[in-house]
Amino acid sequence: MSSIINGITNAIPSLTQKYSGVPERLAKEAIAAKDRLLSQKTVPDSVPRKGHSLPPDVDQATYDAAIEELKASIGASNVEVNDKTLVDGWYMEHPNTHDAYHVVDQEEMTCSAVVYPGSTEEVQTVVKWANKHTIPVYPISMGRNLGYGGSAPRVPGSVVLDLGRRMDQVLNIDGDNASCIVEPGVSYFKLYEEIQKRNLPLWIDCPDLGGGSVLGNAIDRGVGYTPYGDHFANHCGMEIVLPDGSLLRTGLGAMPGKDGADNPCWQSFQAAYGPYVDGIFSQSNYGIVTKMGFWLMPETDHQSYMVTFPQEDDFERIVEIIKPLAQKRILGNIPQLRHVIQELAVTGKPKTHWYDGPGQMPREVIRQHAAQQPCGDVSWVFYGTQYGDRAGIESQLKLIRAEFEKIDGSRFYLPQDMPPEHYLHSRVQVCSGVPVLRELDWLNWVPNAAHLFFSPILPTKAKDARVVLDIVSRLHKKYGFDLFPTLCVAGREMHTIVNIVYDRYDPDAKQRATGIMREMIREAAAEGFGEYRTHLLFADQVAESYGWNNGALRKFNETLKDAIDENSILSPGRNGIWGKRFRGKGWEILDGDKRDILRDGIRPKL
Ligand code: EUG
């Protein structure tokens with residue numbers, strides 16, 4: 001499949017050609033999405049390299065010899081030195097050499113080489129090699145953790161282990177147990193297609209964008225929007241290469257099956273006997289997950305809907321209405337509550353289409369344009385979905401509508417009430433486990449756009465939502481960014497996602513993006529609110545904010561790290577966890593350290 005823009009053909013790999021490719025059913029959408037993104041690009045694909053990053057404390061000759069040794073053990077074609085020009089690409093053709101959505105200089109967070117292991121045994125081989133040479137390795141599943149660091153290592157010159165390219169199999173789908181087991185290179189697109197091919201009445205659960213790794217997203221504790229939306233909570237069993245190269249299986253996988261078979265309950269029961277260790281392999285740097293089991297949801301009838309609310313401060317009442325509905329499990333999934341400006345952004349039109357003044361788009365301008373959109377002149381838009389049989393769905397909807405109708409001027413819509421291009425139709429798909437690409441449309445907001453997520457967890461309480469919304473609103477004004485808040489509201493907490501969209505080739509925009517992130521993390525922490533996930537460059541600050549009792553949690557994580565990873569070789573700095581080789585030596589980027597990481601880079605300044 002390909003698109004033609006400015007006379008240049010832009011081929012997009014399909015899922016049949018490449019494990020990370022686009023499914024045929026989305027070919028046209030992918031071409032259109034890529035064309036729109038390219039039309040907003042003002043810079044060349046690549047610029048000459050400034051240099052080649054080496055791992056810390058390794059000279060060129062020693063490095064070259066180590067690479068030759070690695071080539072000899074896993075095959076020369078499975079080791080690529082990262083000395084070519086860097087290309088950011090786009091979502092479907094993203095790099096494994098650096099962070100496509102760079103925050104600091106594009107050259108700053110680069111690996112020295114990319115390695116492609118083809119099996120768990122080869123992962124073990126590479127890890128043993130890393131220990132021998134004390135070269136840090138940075139595993140990625142597919143590298144689509146975009147907005148949180150992509151495929152970039154935190155320590156420049158690390159060797160990226162691109163697991164996905166050669167470990168991309170759906171190892172099993174058990175229709176009877178409604179479960180599967182996958183390798184790191186299986187995207188939501190691929191798992192979905194695999195299930196369709198086998199004609200199984202099962203759903204996957206996918207995030208807003210479908211290109212990510214099922215395994216990678218789950219170990220980063222990502223979320224989706226069916227009743228199985230908590231990806232880590234719906235995993236069952238892991239296989240892990242530990243930082244010393246040894247191998248572990250968790251859950252019932254720890255018990256050998258009969259005659260050497262995999263245990264028959266590996267994808268049926270999550271815990272093993274004794275401590276439930278799976279959790280320490282999520283958002284950590286304690287092991288490389290090479291296989292992971294997941295539960296799949298039996299397909300069911302479903303109904304997506306949208307409710308609009310006119311007033312800016314309605315969100316306080318909306319949140320209070322959602323809380324009991326979610327606690328009683330009347331709401332079928334984790335709904336999203338978005339600000340009306342996102343109705344403009346998700347049309348895929350650039351900001352300049354709506355407004356060409358400087359700084360933030362004024363509320364009055366948003367209002368004028370929203371009035372012309374299907375949602376009308378409103379402030380908040382709620383997207384929900386109900387599941388079960390038709391009668392159940394109808395009775396739930398009756399209850400939900402009655403609650404929301406208590407807010408003056410609220411309006412309820414079904415997909416058939418909206419024109420075909422409206423975002424609600426994309427919600428129907430995502431909320432019934434069909435992975436899509438629609439969310440990319442935000443990225444046309446500014447030229448050369450990248451995004452960063454600020455992702456605090458808030459109690460599902462009007463008062464707290466107000467506090468944080470006030471903080472982020474004030475800081476967005478101060479830093480000149482449009483405010484794109486998405487509240488993913490559960491019964492007791494909300495994953496509050498604030499999406500900073502910036503031009504990654506505008507140094508001033510990058511400086512402001514970094515500044516606002518650090519300030520939002522700091523101010524939210526002062527109110528007692530912490531992030532559920534963050535970009536690599538803010539990991540130290542976020543980890544530091546979880547500082548109760550003199551940083552007891554951080555110290556415990558470090559104790560584990562040092563016990564498991566003797567040589568600090570595995571993803572140093574990931575999630576704010578540094579092994580003893582690096583800790584306290586200037587690598588940490590902490591609040592209040594006055595570091596200017598855009599000017600000075602991210603290596604220690606001694
Ligand atoms: C989104 C949701 C997330 C996240 C990043 C982005 C949604 C954007 C709930 O988690 O981490 C529309």
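Taken together, the values in this text are just the output of simple stated rules run on the coordinates, not laboratory data. Since the structure is predicted, the reported quantities are computational estimates derived from the model, not experimental observations. A quick note on method: Cβ atoms are made from the backbone with ideal geometry, for glycine too, and the neighbour counts reach across all protein chains shown.
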Item to check | Residue ID - nearest to the ligand (Cβ to nearest atom), chosen from residues in segment 493-534 that are over 24 Å from A462 (Cα atoms) and in a strand (DSSP E or B) | outcome: V501
Next on the checklist: With the requirement that a residue be within 16 Å of the ligand (Cβ to nearest atom), of a type in the set (S, T, N, Q) and part of a loop (DSSP other than H, G, I, E, B), what does segment 307-360 give you?
Outcome noted: N333, T347
Checklist entry - Out of curiosity, is I497 among the β-branched types (V, I, T), under 29 Å from C111 (Cβ atoms) and surrounded by fewer than 22 Cβ atoms within 10 Å (Cβ to Cβ)? => result yes
Checklist entry - Does segment 139-165 hold any residues that are among the charged types (D, E, K, R) and either more than 14 Å from E122 (Cα to Cα) or not in a loop (DSSP other than H, G, I, E, B) (or both), and which are they? => result R144, R154, D162
Next on the checklist: Pairs please, first residue from segment 190-212 and among the hydroxyl-bearing types (S, T, Y), second anywhere and within 16 Å of the ligand (Cβ to nearest atom) and assigned to a loop (DSSP other than H, G, I, E, B), Cβ atoms under 7 Å, 6+ apart in sequence or on different chains.
Outcome noted: Y192/P435
Checklist entry - Restricting attention to segment 166-187, and to residues there that are aliphatic (A, V, I, L, M) and assigned to a loop (DSSP other than H, G, I, E, B), which single residue is surrounded by the fewest Cβ atoms within 10 Å (Cβ to Cβ)? => result A178
Checklist outcome for this item: In the set E108, E121, the lone residue that is out of contact with any Pro (no Cβ under 6 Å at 6 or more places or on another chain) and free of Cβ contacts under 8 Å to residues at least 40 places away in the same chain is E121
